[in-house]
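Please read the structure below before turning to the comments.
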Amino acid sequence: MNELTAESLHLWRGEHHVLRGVSFSIAAGQCLQVTGANGSGKTTLLRALCGLVPLESGTVRWRGRELSADRDAFHGELSYLGHDNGLKADLTAAENLSFATRLKRPLQTGEVSAALERTGVADSAGVALRRLSAGQRRRVALARLLLTHAAVWVLDEPGSNLDAHGQSLLAELINAHLTTSGLAVVATHQSLNLPTPQVCPLALQ
Amino acid sequence: MTAARNEAARADSARQSLMRAAWALAQRDLRIALRRSGDTLQPVGFFIVVTTLFPLGLDPQLSLLRDIAPAALWVGALLSSLLALDLLFREDAQDGTLEQLALCGLPFAGLLVAKTAVHWLLTGLPLVVVAPVLAGALGAPASALPGVLVALLLGTITLSLIGAIGAGLTMGVKRSGSLLALLVLPLAVPVLIFGARATAQAISGEWPAGALYLLGAMAVLTATLAPWAVAAAVRIGLE
């Protein structure tokens, strides 16, 4: 059963109690939309789910197994897009993507250009990333999500720097991911424009 | 029986995945280093400048230069390896690619070893390559070169690995140069002592077997233990 569940997650940052008993459960084809004011711990929750920040208490389960038991197996099926795109400024878009893919699995020819085509930055394949605009870089990072073939997408403000067309592209990509029985955890203020039954809202105080 | 075979197959494919990812990472870092050759060449340039300043500031007597050659070479190598450490993790931490490495589902220590190995190739090995010229400039006879080179080869490996731990711990700190030096230099003192000793013996015409054994032992020890320390340090830095 493809299921990601969290039970009463607690996390302190110094004196600040950031996550206060957060619980949720999403199954294949569902998207958890995390909302909340600035500083309410959206990014912290996402990073804690990925295992970048250790939790104080509470358990996260993937396919019924606790994450702490087999973190590498979960990471193998995870694709994370944070505030930073996770791309090198000195490399071209195509070089960045072929590296990111080979980190996860062997790369087939033509995959990278197809993914860049899908996210609308095919022209930038051979351009060093530092010469691209912030929105174009975000689109390259979205192409990385497509290439990693991950079951779980964890996205932190994925729509930042994207134009109106980019926003609708993002909704399309998430929707396509969910219909192929993927899962997504998305922290965002904007509406995701997804069919309502797929979205589980989670508001952080 | 089948379970054991499945287990073995999974272990084998895990090793293949790690090798593929580590090779991709090494290629990526080499490519970036080539595109930014100025940054990459800085440590070896620093090494050349520092060691050639000693003869300029001293009486140009060959015997005096030979006496200070071991200290000049090794202090130069130590400081230049320290200078190079800033290139190791800092940028990857800032642009988020280090997070991606931590989350790719492969042993983090293995990937960081690949990164450190490339770093040594780019900043440690060049010191060994230019060392014959510098040792010659400091009056070391040609017969001393094999001992000096082996000592530097082993010493720079250890320095890169120790330095990677410090670089991981300080990658989140702004202007971490002096903090990094305070962390790493005490740990690097044994390398300095035995490296300089080996060099002195080689210059005086002996084969520095004892010092080289100890340098080799230190290289093996750090190569076995440092990967886990580096991975732990970088994970703390990523929090």
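Derivation of every value follows stated rules applied to the coordinates shown; laboratory data play no part. Not measured: the values here are computed from a predicted model. Because the Cβ atoms are built from the backbone with ideal geometry, glycine has one as well, and the counts that use them run over all protein chains shown.
Label point 7 Å out from residue B:53 along Cα-to-Cβ: which residues of the range B:62-88 have amide N under 16 Å? Residues B:71-84 qualify, since their backbone N sits under 16 Å from the label point. Counting Cβ atoms of other protein chains within 10 Å of each Cβ in B:13-23 and taking the mean gives 2. Near residue A:62: Cβ cut-off under 14 Å, other residues only, Lys/Arg at +1 and Asp/Glu at -1. The net charge is -2. Sequence-ordered 3J(HN,Hα) estimates for the range A:33-41 from the Karplus curve with 6.51, -1.76 and 1.60 and θ = phi - 60° stand at 9, 8, 10, x, 5, 4, x, 8, x Hz, glycine and proline given as x. The residue B:185 and residue B:129 beta-carbon pair, evaluated with R₀ = 25 Å, returns a calculated FRET efficiency of approximately 0.55.
Legend: calculated FRET efficiency, residue A:89 to residue A:7, from the Cβ-Cβ distance at R0 = 45 Å, rounded to 0.05, equals 0.65.
Less than 5 angstrom separates the built amide H of residue A:18 from those of A:11, A:12, A:13, all sequence-distant by 5 or more or on a different chain. For residue A:59, the amide hydrogen comes within under 5 Å of the amide hydrogens of A:7, counting only partners 5 or more places away or on other chains and with H modelled in the peptide plane.
Applying 1/(1 + (r/R0)^6) with R0 = 35 Å to the Cβ-Cβ distance of residue B:236 and residue B:15, what FRET efficiency is obtained, to the nearest 0.05? So the FRET efficiency works out to roughly 0.80.
With the simple model of a label 7 Å out from the Cα in the direction of the Cβ, residue A:28 to residue B:206 spans 7.1 nm. Considering only A:182, A:29, A:64, the Gaussian network model of chain A with Cα springs below 10 Å gives its largest mean-square fluctuation to A:64. Computed 3J(HN,Hα) for the range B:109-116, one whole-Hz value per residue from the Karplus formula 6.51 cos²θ - 1.76 cosθ + 1.60 where θ = phi - 60°, is 4, x, 5, 5, 5, 4, 5, 5, glycine and proline marked x. Report the residue, chosen from A:125, A:89, A:143, that carries the largest GNM mean-square fluctuation when chain A is represented by alpha-carbon nodes joined by springs under 10 Å. Answer for the Gaussian network model of chain A: A:89. Within the listed set A:136, A:108, A:190, the Gaussian network model of chain A (springs between alpha-carbon atoms below 10 Å) gives the highest mean-square fluctuation for A:108.
Place a point 7 Å from Cα of residue A:190 in the direction of its Cβ. Which residues in the range A:121-148 have their backbone N less than 18 Å from it? Taking a point 7 Å out along Cα→Cβ of residue A:190, the residues of the range A:121-148 whose backbone N falls under 18 Å are A:121, A:133-146. Taking label points 7 Å from Cα along the Cα-to-Cβ direction, residue B:142 and residue B:121 give a separation of 3.2 nm.
Under 18 Å from a label point 7 Å along Cα→Cβ of residue B:193: give me every residue in the range B:208-239 with its amide N that close. B:209-222, by backbone N distance to the label point.
From the alpha carbon centroid of the range A:104-169 to that of the range A:47-88 is 21 Å. Label-to-label distance for residue B:217 and residue A:20 is 5.8 nm, based on points extended 7 Å past Cα in the beta-carbon direction.
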